[in-house]
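Comments concern the structure below.
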Amino acid sequence: RSFQNEIFSINEQALQAQINPHFISNTLMALSGSVAQIMGTDCETVKALEDFAALMRVSLTGDNYLAPLNEELEHIRLFMTLIAFRYKNRVQIEISVPPEMMDVCVPKLSLQPLIENAVNHGLRPLHYRGHIGVRGEMDGETARIIVWDDGVGLDEREAERLNRLLGGM
C-alpha cells in the first residue's frame with residue numbers, strides 16, 4: 001500500500017505541475033479581459049497582464065532545461081516590458097545579438113537573474129533609471145553573451161574582493 005501511495009503522490013505532483021502553469025496563465029488572461037472591459041483594450045494594465053501571462057507560460061512550462069537563445073531573448077523582452085511598466089519606462093533595454101547565435105542553446109531562464117541583478121544592484125541606487133543591455137558575440141566556435149548596465153557599478157575594492165572569492169572556488 002505505501003508503494004501505491006508513493007506512486008499516487010508522484011503522479012499527483014506531475015499532474016499539479018501540468019495544471020498550475022495553465023491555471024496561472026488562464027487566470028491572468030481572465031483578469032486582463034476583466035480590466036479591458038472596464039478600462040479598454042489599450043490600457044497599459046491590460047498589456048502588462050497579458051505580458052505577465054505570457055512570461056509565466058514560458059517560465060513554468062517545458063521539460064527541457066535548455067532553450068534556443070531566440071526563445072530566451074523573447075523571455076527577456078517580456079520580462080523587461082514588465083520592468084518598464086513597473087518603473088514607468090525609466091529602465092531601457094538594448095539587445096544586440098547576431099542572427100547566427102539565435103539557435104545556440106542556453107540554460108532556460110539563465111538571463112533573467114542577470115537582468116534582475118542589473119536592475120537591483122546597478123539601477124536601484126539611481127532610482128531605477130538607466131539602460132541594461134544584452135550583447136552576443138561569436139569568438140570562433142564560442143558564443144559569448146554579455147549582460148551590462150550603466151548603473152552605479154562596483155567600487156574597485158569590492159570588484160577585487162569578488163574576483164578573489166570567485167577565483168578561489
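Structural remarks
- Karplus-derived 3J(HN,Hα), 6.51/-1.76/1.60, for each residue of segment 115-131, Hz, glycine and proline x: 5, 4, 5, 4, 5, 6, 9, x, 9, 4, x, 9, 6, 6, 10, x, 10
- Largest first, the extents of the alpha carbon coordinates of segment 106-169 on the three principal axes equal 38, 30, 20 Å.
- Here each label is just a point 7 Å from Cα along the line to Cβ, and for Leu60 and Asp150 those points are 3.7 nm apart.
- His127 versus Gln92: modelled label distance in nm, points set 7 Å from Cα along the beta carbon direction: 1.8 nm
- Taking the square roots of five times each eigenvalue of the Cα gyration tensor of segment 24-67, the equivalent ellipsoid has semi-axes of 26, 10, 5 Å, listed largest first.
- Amide H contacts under 5 Å for Lys108, placed H, 5+ residues apart: Leu66, Ala67
- Per-residue 3J(HN,Hα) values for segment 28-45, derived from phi via the Karplus relation 6.51 cos²θ - 1.76 cosθ + 1.60 with θ = phi - 60°, read 4, 5, 5, 4, 4, x, 5, 5, 4, 5, 7, 9, x, 6, 8, 5, 4, 5 Hz in sequence order (x marks Gly and Pro).
- For Ile132, nonlocal amide neighbours, meaning residues 5 or more places apart or on other chains whose placed amide H falls under 5 Å from its own, are Gln92, Ile93, Glu94.
- For segment 60-169, the equivalent ellipsoid derived from the Cα gyration tensor has semi-axes of 24, 20, 13 Å, listed largest first.
- Projecting the Cα atoms of Thr142, Ile132, Asn89 onto the dipole axis of segment 87-169, where Lys and Arg carry +1 and Asp and Glu carry -1 at the beta carbon, places Asn89 farthest toward the positive end.
No value in this document is a laboratory result; all are computed from the given coordinates. Predicted model, so just to flag it, every value in this text is computed and none were measured. All Cβ positions, even for glycine, are placed from backbone atoms using ideal geometry, and neighbour counts span all protein chains on display.
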